[in-house]
Amino acid sequence: MGESWVPQPVTTFSSVLLWAGLLCLAPAVKSNGPPKALLTLEPPWVNVLREDNVTLKCEGLQTPGHDSTEWFHNGSPISINQESYTIPALNLKDSGEYQCRTEQTSLSNPVRLQVTSDWLLLQVESLVFMEGDSTMLRCHSWKNKLLHKVTYYHNDKALKYAYECFDYIVPQVNYTHSGSYYCAGQMGHVIHISKSVMITVQGGKSSVMKGLIIALILVVVIAVIVAAALYYYKRHKRTASVPDEIGSTVVESSVSYSLLKHTDAPEEEESGRGGYQNYQ
Ligand SMILES: *[C@@H]1O[C@H](CO)[C@@H](O)[C@H](O)[C@H]1NC(C)=O
Ligand SMILES: *[C@@H]1O[C@H](CO)[C@@H](O)[C@H](O)[C@H]1NC(C)=O
């Protein structure tokens, strides 16, 4: 009978763990809802020259044969319902943010397309990368005019030169790749230099994983501390309610009394004190 109250703190401990677990899951539950559509560009460059062509594609669930995709340019709907949207001969006014959604997806993240008027452009797939991504840079001439003697620069330092036009490939981006990029090349007899493009590299998937693991360990440690504190507190309260000179048999009876009382009224607070008064 004496140890029959032990399950009580155990229950407290498991409910603390349960709440900790629920708190962990809360963000995941919150983000439930229709998945976002995915807007991709083809070719993948987010910066383009006037007269280039680009196709925007909206990926997301929808009934086959239903052209129910919605497109938005700077927040305004476009009267296109196909899942792919080609803009021929881009104009400066085609710059801006594009979004799409399908029947069963919510609005995609915005994709910002920048159209400029120039001879040469250093094209990028994104302005922000995660560490570990692979990417490509492209030195692109207006209307794809013949280009040679191409050099890529990073923070004013030459990265690579070749007589024939080529793409510069970065297999694994890391923070050292942040900074400004441009390229130079010869069209006809004239050497052209592109404007600079700023690229930012953010902490990658590995650091996100590290953060998650640290958060999880923290939650478990806090749960253990809280449970231990509760256990200690309850035990202490119980012992403290019985004067020292009274023997252990009395402690036992007092405990079983409060347990009985507890079973009668489950909502009531543990009342060791009541038991004590009864024995006065
Ligand atoms: C865009 O497409 C048209 C038609 O297919 C083509 O003639 C033109 O060369 C393309 N523009 C560029 C810059 O590739
Ligand atoms: C970053 O990447 C470059 C080449 O891609 C590599 O040489 C360099 O060691 C990397 N730096 C770090 C800190 O990982």
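The values are calculated or read from the model by the stated rules, or taken from the named source; none is laboratory data. Since we're looking at a predicted model, the values are computed, not measured. Cβ: placed from backbone, ideal geometry, glycine included. Neighbour counts: every protein chain shown. Just so you know, the surface numbers come from the protein's heavy atoms only, side chains and all, with ligands and any DNA or RNA stripped out. Shrake-Rupley method; radii C 1.70, N 1.55, O 1.52, S 1.80 Å.
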Exercise. Does Leu61 satisfy the criteria of being modelled with pLDDT under 95 and of a type outside the set (Lys, Arg)?
Worked result: yes
Exercise. If Pro77 passes every condition in (1) open to solvent by 80 Å² or more (accessible area, probe 1.4 Å); (2) modelled with pLDDT under 95 but one, which one does it miss?
Worked result: (2)
Problem set entry | Failed criterion for Ile78 (all others in (1) without any contact (Cβ under 8 Å) to a residue 24 or more places away in the chain; (2) within 16 Å of ligand 1 (Cβ to nearest atom) hold) | (2)
Problem set entry | Criterion (in contact with a His (Cβ under 7 Å, 6 or more places away or on another chain) and within 16 Å of ligand 1 (Cβ to nearest atom)) met by exactly one of Cys165, Cys139 | Cys165
Exercise. Has the range 119-140 got any residue that is in contact with an Asp or Glu (Cβ under 7 Å, 6 or more places away or on another chain), within 21 Å of Val54 (Cβ to Cβ) and among the aliphatic types (A, V, I, L, M)?
Worked result: yes
Seminar exercise, completed: Screening Val173, Val190, Val220 for residues that are open to solvent by less than 40 Å² (accessible area, probe 1.4 Å), away from ligand 1 (no atom under 16 Å from the Cβ) and of a type outside the set (Gly, Ala, Ser) leaves only Val173
Exercise. Is it the case that some residue within the range 110-118 is more than 27 Å from the chain's Cα centre (by Cα) and outside any loop (DSSP other than H, G, I, E, B)?
Worked result: yes
For this session: Could you list, in sequence order, all residues of the range 15-47 that are modelled with pLDDT of 55 or more and either charged (D, E, K, R) or touching a Ser or Thr at 6+ places or on another chain (Cβ under 8 Å) (or both)?
Result: Gly33, Pro34, Pro35, Lys36, Ala37, Leu38, Leu39, Leu41, Glu42, Val46, Asn47
For this session: Output the residues belonging to the range 41-59 that are surrounded by fewer than 14 Cβ atoms within 10 Å (Cβ to Cβ) and more than 16 Å from ligand 1 (Cβ to nearest atom).
Result: none
Exercise. Ile191 is checked against (1) outside any strand (DSSP E or B); (2) in contact (Cβ under 8 Å) with a residue 40 or more places away in the chain and fails just one. What number does that condition carry?
Worked result: (1)
For this session: May I ask you to list the residues in the range 173-188 that are touching a residue at least 60 places away in the same chain (Cβ under 8 Å) and within 14 Å of ligand 2 (Cβ to nearest atom)?
Result: none
Exercise. Does the range 119-155 hold any residues that are exposed (fewer than 15 other Cβ atoms within 10 Å of the Cβ) and over 26 Å from the mean Cα position of the chain (by Cα), and which are they?
Worked result: Lys143, Asn144, Lys145, Leu146, His148, Lys149, Asn155
